[in-house]
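The values are calculated or read from the model by the stated rules, or taken from the named source; none is laboratory data. What you see is a predicted model, and the numbers here were worked out from it, not measured in a lab. Every residue, glycine among them, receives a Cβ derived from its backbone with ideal geometry; neighbour counts consider all protein chains shown.
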Amino acid sequence: MYQEELVFGHPASMTDHYMHYCPGCHHGVAHRILAELLDEMGLADQAIAVSSIGCSVFLYDYYKVDCVEAPHGRAPAAATGVKRARPDNFVFTYQGDGDLASIGMAEIMHCANRGERVSTVFVNNTVYGMTGGQMAPTTMLGQKTTTCPGGRCQEREGSPIRMTELLSQLGGVAYAARVAVNNVKNVKKAKEAMRKAFQAQLEDRGFGFVEILAACPTNWKMTPIEANERIASELIPYFPLGVFKDVSQEEAC
Amino acid sequence: MPDSSPARIFIKGNEAIALGALNAGLKCYFGYPITPQNEIPEYLSKELVDRGGQFVQAESELAAASMLLGATAAGVRAMTSSSSPGISLKQEAISYMAGSELPAVIVNMARGGPGLGDIGPSQGDYFQAVKGGGHGDYKLLVLAPGTCQEAYDLTIKAFDLAFKYRNPVMILGDAILGQMKESVSPWEPAQPDPDEGASWRLTGAKGRKHRILRSLLLEEGVLAAHNRHLQQKYKEMAQEILIELFEVDDADLVVVGYGSIGRIAKSAVRKLRKEGLKVGLARPVTLFPFPAQALRDLAVQGKRFLTIEQNLGQMVEDVRLSIRGVADSDQFSVYPGDLPSPEEFEDPIRNSLGG
Ligand SMILES: Cc1ncc(C[n+]2csc(CCOP(=O)(O)OP(=O)(O)O)c2C)c(N)n1
Ligand code: SF4
């Protein structure tokens, strides 16, 4: 005899809307983790999401969560406004690397530095996905994109920006970590990091930030498996995984 | 204005706006320093915080305007203020707020341009206030106070209109109004209904379906339908039109001017009246919706028009559109960078009257 046990279901905080992401895209994985946390932490009915401009702009279709759409790069500013107006709600942004590290560089730095009680999920796929795979501030040296067809060159275009390291220097940041979702072990770690970033807000400690190294198989012109492998072989050596700041740990010491 | 006349206080136009916003129930203010409006954030950085509100000095006008977008999405009374170059930056979020139908109040104490221009008075932002200013087809309600009392009154009105229409409202003043001190009676308006915005504001989806406030509308036909809805709303705003008419009944020439210039023009009209000249003044107080019918009614009576503004000819286009087919308007420019005086309006008025 055997007993059936449901171990994996549809997160309650997610809608039934079909997902528009490409096969193998890590936005879907990041969405799933976020939904599980909204469920487990009981946040869905008090959350206000601020969506950004990029492939994840349709975030609001996928969650049973109130959402406002910010202009490109300005999600941390919009989240500041939401949180100041409604301090009792859980407020988060979800942003790509073009959105956050290029056009929105000022907004993320200052939101973090003010220690706004908001959480940011930062999906770094080293390209501008939505607009067709152009170079991002996080594009790897030598990586070919539609606007650096010969490969990104340090002399001309600078080096890829490590956002988590930058942000962890700022006083208002309570938690900053970089994770990947290229294998099950990393997915589990990613979820724990996001939980901590959210807790920083809920416990009124400051700004919480999680960078997710993510695959964009479409614009990397790779299969999903190759894209996962690239994260391990190319991205993680340059963008090391780990917790760069955790104020709760510092306090515990 | 209610009957109980409150004590009069002697304050700058900028302070009148800040006080009006506070008394209207302001909860959040976001701004970035720029002359000639600095008294607004300086005043609110203390008074708003003392009243339990939120004051944020943003990293830029881009950020301040997006903070305003966030706070108004949450359904609270929120405001930003700036001056011309800063308003150019705020246009990004203003377009988003118009598209997402958010009740924001934006103050523009305009200064001379183009570029960095100067910090003196100017009406060079008429177009960017009234014609949308940012991308896409949208309108702001635009209120143009001419006195410090009116600055106070119209700021209170701005919040009510913003929520009534779910639309951004701009208060368009200038360096004269902002820096001028006058006595103001700061009457107490009724406190806003705590349920205002209850049908759309974001509070968390507890006990109801989740809400989305956005301007991206990709599904077939949806954006067109949204634009139709917005245009219909802009038409309904016509019932909010305000205009001051002074000595127009028997006038042969009507001077049209708004804000500080309208007020200075009134002094010129008054003086010329004493000399027996048949001149009057029309001072639009709402620039959008524009008082087209009021001007047209005057045109039908056979009056001529002279538009005076401190720019190189912006509102005159709306005056001409209002009276088209019936009459036309002359135009006199005070150059941004010059300080206007009533005397310099006299010759242009005489010329138009004689012409
Ligand atoms: C002001 C403005 N500039 C440019 C764009 C076009 N645009 C849309 S999405 C995007 C880049 C998104 O890339 P990223 O943030 O990396 O997110 P991804 O799509 O890769 O998830 C750009 C440039 C825009 N919408 N608004
Ligand atoms: S283009 Fe890239 S980031 Fe966008 S959905 Fe496809 S795989 Fe994901």
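Quick rundown of the values:
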item	result
A:Glu40 being more than 18 Å from B:Ser60 (Cα to Cα), touching a Lys or Arg at 6+ places or on another chain (Cβ under 9 Å), acidic (Asp, Glu) and within 16 Å of ligand 1 (Cβ to nearest atom)	no
The range A:72-101 residues that are on the phi > 0 side of the Ramachandran plot, paired with ones that are of a type outside the set (Lys, Arg) and within 16 Å of ligand 2 (Cβ to nearest atom) (beta carbon under 9 Å, 6 or more apart)	A:Gly73/A:Ser52; A:Gly73/A:Ile53; A:Gly73/A:Gln95; A:Gly73/A:Gly98; A:Gly73/A:Asp99; A:Gly73/A:Leu100; A:Gly73/A:Ser102
Whichever residue in the range B:46-90 is farther than 16 Å from B:Ala129 by Cβ and among the hydroxyl-bearing types (Ser, Thr, Tyr) and, among such residues, is nearest to the other protein chains (Cβ to nearest Cβ)	B:Ser66
Where B:Gly276 falls short, out of the listed (1) more than 14 Å from every other protein chain (Cβ to nearest Cβ); (2) in contact with a helix residue (DSSP H, G or I) (Cβ under 7 Å, 6 or more places away or on another chain); (3) without any contact (Cβ under 8 Å) to a residue 12 or more places away in the chain	(2)
Qualifying residue in the range A:115-131 (condition: within 18 Å of the chain's Cα centre (by Cα), farther than 30 Å from A:Ala200 by Cα and in contact (Cβ under 8 Å) with a residue 60 or more places away in the chain)	yes
Strands (runs of 3 or more DSSP E) (entirely within the range A:40-130) containing at least 2 residues that are within 8 Å of chain B (Cβ to nearest Cβ)	A:47-51, A:66-69
Residue within the range B:179-187 that is surrounded by 24 or more Cβ atoms within 10 Å (Cβ to Cβ) and more than 20 Å from B:Ile241 (Cβ to Cβ) present	yes
Residues located in the range B:215-245, provided they are touching a Ser or Thr at 6+ places or on another chain (Cβ under 6 Å) and closer than 12 Å to B:Ala98 by Cα	B:Ser215
From the options B:Arg228, B:Arg214, residue that is surrounded by 11 or more Cβ atoms within 10 Å (Cβ to Cβ) and of a type outside the set (S, T, N, Q)	B:Arg214
Count - residues of the range A:172-219 that are of a type in the set (Gly, Ala, Ser), within 16 Å of ligand 2 (Cβ to nearest atom) and either within 14 Å of chain B (Cβ to nearest Cβ) or out of contact with any strand residue (DSSP E or B) (no Cβ under 8 Å at 6 or more places or on another chain) (or both)	1
Single match in A:Gly9, A:Gly42, A:Gly96 (criterion: surrounded by 17 or more Cβ atoms within 10 Å (Cβ to Cβ) and either at pLDDT 95 or above or more than 16 Å from ligand 2 (Cβ to nearest atom) (or both))	A:Gly96
Matching option when the condition is surrounded by fewer than 20 Cβ atoms within 10 Å (Cβ to Cβ), at pLDDT 95 or above and either more than 18 Å from the chain's Cα centre (by Cα) or of a type in the set (S, T, N, Q) (or both), among A:Gly242, A:Gly171	A:Gly171
Single condition B:Asp125 does not satisfy, out of (1) surrounded by fewer than 24 Cβ atoms within 10 Å (Cβ to Cβ); (2) farther than 25 Å from A:Asn89 by Cα; (3) modelled with pLDDT of 95 or more	(1)
Matching residues in the range B:21-44 - criterion: being within 11 Å of another protein chain (Cβ to nearest Cβ), surrounded by 24 or more Cβ atoms within 10 Å (Cβ to Cβ) and part of a loop (DSSP other than H, G, I, E, B)	none
Residue in the range B:76-91 that is of a type in the set (Lys, Arg), within 21 Å of the chain's Cα centre (by Cα), closer than 17 Å to B:Pro186 by Cβ and not in a loop (DSSP other than H, G, I, E, B) present	no
Strands (runs of 3 or more DSSP E) contained entirely in the range B:132-242, each with at least 2 residues that are touching a helix residue (DSSP H, G or I) at 6+ places or on another chain (Cβ under 9 Å) and within 30 Å of B:Asp318 (Cα to Cα)	B:141-143, B:169-174
Residues (surrounded by fewer than 24 Cβ atoms within 10 Å (Cβ to Cβ) and either of a type outside the set (S, T, N, Q) or at pLDDT below 95 (or both)) located in the range B:45-57	B:Lys46, B:Glu47, B:Leu48, B:Val49, B:Asp50, B:Arg51, B:Gly52, B:Gly53, B:Phe55
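Residue-wise test of (1) among the β-branched types (Val, Ile, Thr); (2) away from ligand 2 (no atom under 16 Å from the Cβ); (3) crowded, with 24+ Cβ neighbours inside 10 Å.
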position: A:His17; (1), (2), (3): no, no, no
position: A:Tyr21; (1), (2), (3): no, no, no
position: A:Gly28; (1), (2), (3): no, no, no
position: A:Ala35; (1), (2), (3): no, yes, no
position: A:Leu38; (1), (2), (3): no, yes, yes
position: A:Ser52; (1), (2), (3): no, no, yes
position: A:Val65; (1), (2), (3): yes, yes, yes
position: A:Ala75; (1), (2), (3): no, yes, yes
position: A:Ala85; (1), (2), (3): no, yes, yes
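For (1) under 30 Å from A:Pro23 (Cα atoms); (2) under 17 Å from the mean Cα position of the chain (by Cα); (3) of a type in the set (D, E, K, R); (4) within 16 Å of ligand 1 (Cβ to nearest atom), each residue gets a yes or a no:
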position	(1), (2), (3), (4)
A:Ala49	yes, yes, no, yes
A:Asp66	yes, no, yes, no
A:His72	yes, yes, no, yes
A:Thr80	no, no, no, no
A:Ala85	no, no, no, no
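Residues checked against (1) modelled with pLDDT under 95; (2) of a type in the set (Gly, Ala, Ser); (3) farther than 22 Å from B:Arg263 by Cβ:
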position	(1), (2), (3)
B:Lys278	no, no, no
B:Ala282	no, yes, no
B:Thr286	no, no, no
B:Ala292	no, yes, no
B:Asp297	no, no, yes
B:Thr307	no, no, no
B:Gln314	no, no, no
